[in-house]
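In what follows, a structure is listed as structure tokens, so that the remarks can point back to it.
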Amino acid sequence: RSIIPIMAKHCPEAHYLVTSGTRQSAVVFAVNLPNRTIHQYFPADITRYCRRFLEHWKPDICIWSEQELWPNMIWHADQAGIPQVVINARMNERAYKSRVRFAQMFGEIYRRFALISAQDEQSARHITALGGKVRVDGSLKPLAPALEADEEALRIRSEQIGARPILCLASSHPNDEDIALAALAHLPADTLLVIVPRR
């Protein structure tokens, strides 16, 4: 989402299709979509669904973000002659070790991208080791505009919270939540834990 307003300045007549795989993200997108932008759930990475998706939307370019790469869709987009790039690419040591055993497969995936832009040097090294040609541009997250909010609801919630310290656990899984809840025993008694689960 963060780069769409920037791209729109250079391509004022372009339209944008943003995909995601969770209901929660769809709700967020519903109230925060930039102009000329549509949200669509990403299809299952199965050949017939990938073909139907590409035939219906007919994208001029596919922009992948971070490390959500789906091999079937990448292959079919490549076969259709659709340019593809990866932005904000990241890969920590753990992710690299889980992928290096399949380096040949990942090499086949990464060579289909015209550009891979990594968040940091570590990610660039890992992706390069798997066969990608990478440049480091840093994280794009600071470019993201603030999400819209109901000002009155925000005011009320701020008054209710007051000066309490806040711990926010975002995009969490159950194991993450268990750790955060256990950590509360070692934090000030008035600490407010906000959990935003990834569902």
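The values are calculated or read from the model by the stated rules, or taken from the named source; none is laboratory data. Since this is a predicted model, take the numbers as computed values, not measurements. Methodologically, a virtual Cβ is constructed for each residue, glycine included, from the backbone with ideal geometry; neighbour enumeration extends over all protein chains shown. For accessibility, only protein heavy atoms count, side chains too; no ligands or nucleic acids. Shrake-Rupley method; radii C 1.70, N 1.55, O 1.52, S 1.80 Å.
Of all residues in the stretch 17-35, those satisfying the criterion of being assigned to a helix (DSSP H, G or I) and not polar (S, T, N, Q) are R23, A26, V27, V28, F29, A30, V31. All conditions but one from (1) within 27 Å of D150 (Cβ to Cβ); (2) in contact (Cβ under 8 Å) with a residue 24 or more places away in the chain; (3) not aliphatic (A, V, I, L, M) apply to H76; the one that does not is (1). Tell me, which residue of the stretch 177-199 that is among the charged types (D, E, K, R) and closer than 30 Å to P34 by Cβ is surrounded by the most Cβ atoms within 10 Å (Cβ to Cβ)? Checked the stretch 177-199; the qualifying residue surrounded by the most Cβ atoms within 10 Å (Cβ to Cβ) is R198. Taking every residue in the stretch 1-29 that is within 26 Å of S171 (Cα to Cα) and pairing it with any residue that is part of a loop (DSSP other than H, G, I, E, B) and open to solvent by 60 Å² or more (accessible area, probe 1.4 Å), at least 6 positions away or on another chain, the pairs with Cβ-Cβ distances below 6 Å are Q24/R199.
To keep it simple, each residue is scored yes or no on (1) surrounded by 15 or more Cβ atoms within 10 Å (Cβ to Cβ); (2) in contact (Cβ under 8 Å) with a residue 24 or more places away in the chain; (3) touching a helix residue (DSSP H, G or I) at 6+ places or on another chain (Cβ under 7 Å); (4) closer than 28 Å to P34 by Cβ.
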residue	(1), (2), (3), (4)
R101	no, no, no, no
F106	yes, yes, yes, no
I109	yes, yes, yes, no
D120	yes, yes, no, yes
L130	yes, yes, yes, no
K133	no, no, no, no
L140	yes, yes, no, yes
A149	no, no, no, yes
A153	no, no, no, yes
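Per-residue answers, yes or no, for (1) of a type outside the set (K, R); (2) modelled with pLDDT under 85:
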{"residue": "I116", "(1), (2)": "yes, no"}
{"residue": "H126", "(1), (2)": "yes, no"}
{"residue": "K133", "(1), (2)": "no, no"}
{"residue": "D150", "(1), (2)": "yes, yes"}
{"residue": "C168", "(1), (2)": "yes, no"}
{"residue": "E177", "(1), (2)": "yes, no"}
{"residue": "D190", "(1), (2)": "yes, no"}
{"residue": "L193", "(1), (2)": "yes, no"}
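Tell me the residue from I166, I161 that is over 27 Å from the mean Cα position of the chain (by Cα) and either in contact (Cβ under 8 Å) with a residue 24 or more places away in the chain or open to solvent by less than 60 Å² (accessible area, probe 1.4 Å) (or both), please. Walk me through how you get there before you give the answer.
Working: I166 fails: over 27 Å from the mean Cα position of the chain (by Cα).
On inspection, the qualifying residue turns out to be I161.
Count of the stretch 45-70 residues, restricted to those that are open to solvent by less than 70 Å² (accessible area, probe 1.4 Å) and either in contact with a Lys or Arg (Cβ under 9 Å, 6 or more places away or on another chain) or modelled with pLDDT under 95 (or both), is 4.
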